[in-house]
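> Questions regarding the structure given below will be posed in turn.
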Amino acid sequence: MIEVSVIQLVIGMLFIFTLLSILVTQINTLILNLLNLRAKQLKEGLLRFITDKELQAKVLAHPLVRMVDTTIAPDRDLSDEEAEAIVYSQPNRVEWLPSSTFVEALVSLLTSKSDQSIYKPLIDAIDALPNGEDKARLREMVRELRSFASTSTRELREEILKLPNEMHAQLLSYALEEVESELGRLPVKNGQLIPLLEGIRKIENENFKTAIETILSTAQSLDEARQKLEQWFDDYMRRVTDIYRRKLQWISLVLGLLVTVILNADSLQIVRAFWQDPALRQAVYEAAQASVPALEETINQAGSASNQAQTEPNEEGLSDAALAVAQTVEALLQLQLPLGWENIPVTTEMVVASQASGLPNPASNMRNLWNFMPGNNPDWFSLLLQKIIGLAVTTIAVAQGAPFWFDLLKRLTTRGSS
């Protein structure tokens, strides 16, 4: 009989630890969504990764990233005030950024102005030509040259020399020489890397420029450069994720302590109640066995909500999270556990009457705050020490997480039923 009682007590405590852990996870998810902490952490990580102020603002505002509501043309120059206004604005609910998306945005920003600056003399010279077939053909050849298609500078020069107007041909030849000189300054074999390297050369922040130049120093093609940038970004974001997880652990620990104290979920007090009240122990034991399937679904939902990345504000999701918290609290209260606090003065008459009736001594009631005051109870220090230990045990238990306790609960209930 004692063995059965112990099993029921253990299963009951596992059940309570599971419910409390679920409650902390649900509250944690609700707070994360309300404060948009995931997006703020991602934005903070991006700002530490990109140390150039103007590039920070443009990446945050890039249409592929959409970290802020502002939209900026990639080739537009930003003042320090404009860049700071974007950098310090509140982030949208963008909670995850694939490395391929980030690199695509970064490369487009780096090449947007550099490509124009390299070919600007030639583009301006062609624009000055009178409209006609020659102008259209030269524009198309420059477009192919900029995209590193089939056209080369040699073929473009041959076409320029065919122009009937000698002065136009001479001006375009001078412009092409400037372009060739600009291209020749860049130490790269693959022409597709030229706009990217020129864009990197224009980065004002020396630390970021040196870092990205080091990453791409051995890249032989644009695709290889993208792969190296993606790997660099992934490595950094893994460190950001580790920092975020540690922060969440501390948040969960603090929430676990608050929930434990507010509910007065004292492990020693609950164990004592289970041992002294077989009916309560039996009721909680039966509730634990009946709740296993529902608990598994709740834990899966809580984990999914905690890990889900939202891209838009979701008021319905916040309402669902608040409802889940209320339902878990209701499930705890329905167990009729010795939870909560009270503050009732204990008199000598109450003590005598309780002893005469065979009831527990009200001076030892661990839920009564009045008993923990030094002037009210001679055993106040002993009660306070027990209370601290009981609450600490619950807090540490809750910090282990709902999956840990549910796995133990499921194993014991399955073994008991078989």
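> Of 323, 408, which residue is in the same structural domain as residue 279 (by TED's automatic domain parsing), modelled with pLDDT of 90 or more and either over 30 Å from residue 4 (Cβ atoms) or part of a helix (DSSP H, G or I) (or both)?
408
> Return yes when residue 57 is farther than 17 Å from residue 95 by Cα, assigned to a loop (DSSP other than H, G, I, E, B) and among the small types (Gly, Ala, Ser) and no when it is not.
For residue 57, the condition - farther than 17 Å from residue 95 by Cα, assigned to a loop (DSSP other than H, G, I, E, B) and among the small types (Gly, Ala, Ser) - is not met.
> Given the conditions (1) under 30 Å from residue 298 (Cβ atoms); (2) of a type in the set (Gly, Ala, Ser); (3) modelled with pLDDT under 90, and given that residue 357 satisfies all but one, which numbered condition is not satisfied?
Going through (1) under 30 Å from residue 298 (Cβ atoms); (2) of a type in the set (Gly, Ala, Ser); (3) modelled with pLDDT under 90 one by one, residue 357 breaks only (1).
> Inspect all residues belonging to the stretch 365-388 and state whether any of them is modelled with pLDDT of 90 or more and within 30 Å of residue 245 (Cα to Cα).
Yes, some residue in the stretch 365-388 is modelled with pLDDT of 90 or more and within 30 Å of residue 245 (Cα to Cα).
> Only residues that are modelled with pLDDT under 80, among the hydrophobic types (A, V, I, L, M, F, W, C) and exposed (fewer than 13 other Cβ atoms within 10 Å of the Cβ): list them for the stretch 138-165, please.
Scanning the stretch 138-165 gives a single hit, 149.
> Output the residues belonging to the stretch 190-237 that are charged (D, E, K, R), within 19 Å of residue 53 (Cα to Cα) and assigned to a helix (DSSP H, G or I).
Selection gives 198, 201, 206, 209, 213.
> Among the numbered conditions (1) surrounded by fewer than 16 Cβ atoms within 10 Å (Cβ to Cβ); (2) touching a residue at least 60 places away in the same chain (Cβ under 8 Å); (3) β-branched (Val, Ile, Thr), tell me where residue 388 comes up short.
(2)
> Here's something else I'd like to know. Which members of the stretch 79-124 meet the condition of being buried (at least 18 other Cβ atoms within 10 Å of the Cβ) and outside any helix (DSSP H, G or I)?
Correct list: 91, 92, 94, 95, 97.
> Pick out the one residue from 382, 354 that is out of contact with any Asp or Glu (no Cβ under 9 Å at 6 or more places or on another chain), surrounded by fewer than 13 Cβ atoms within 10 Å (Cβ to Cβ) and assigned to a helix (DSSP H, G or I).
Within the list 382, 354, the selection yields 382.
> Related question: Just to be sure, is residue 189 at pLDDT below 85, surrounded by 13 or more Cβ atoms within 10 Å (Cβ to Cβ) and under 30 Å from residue 208 (Cα atoms)?
no
The values are calculated or read from the model by the stated rules, or taken from the named source; none is laboratory data. Small disclaimer: the values here were computed from a predicted structure and weren't measured. Because the Cβ atoms are built from the backbone with ideal geometry, glycine has one as well, and the counts that use them run over all protein chains shown.
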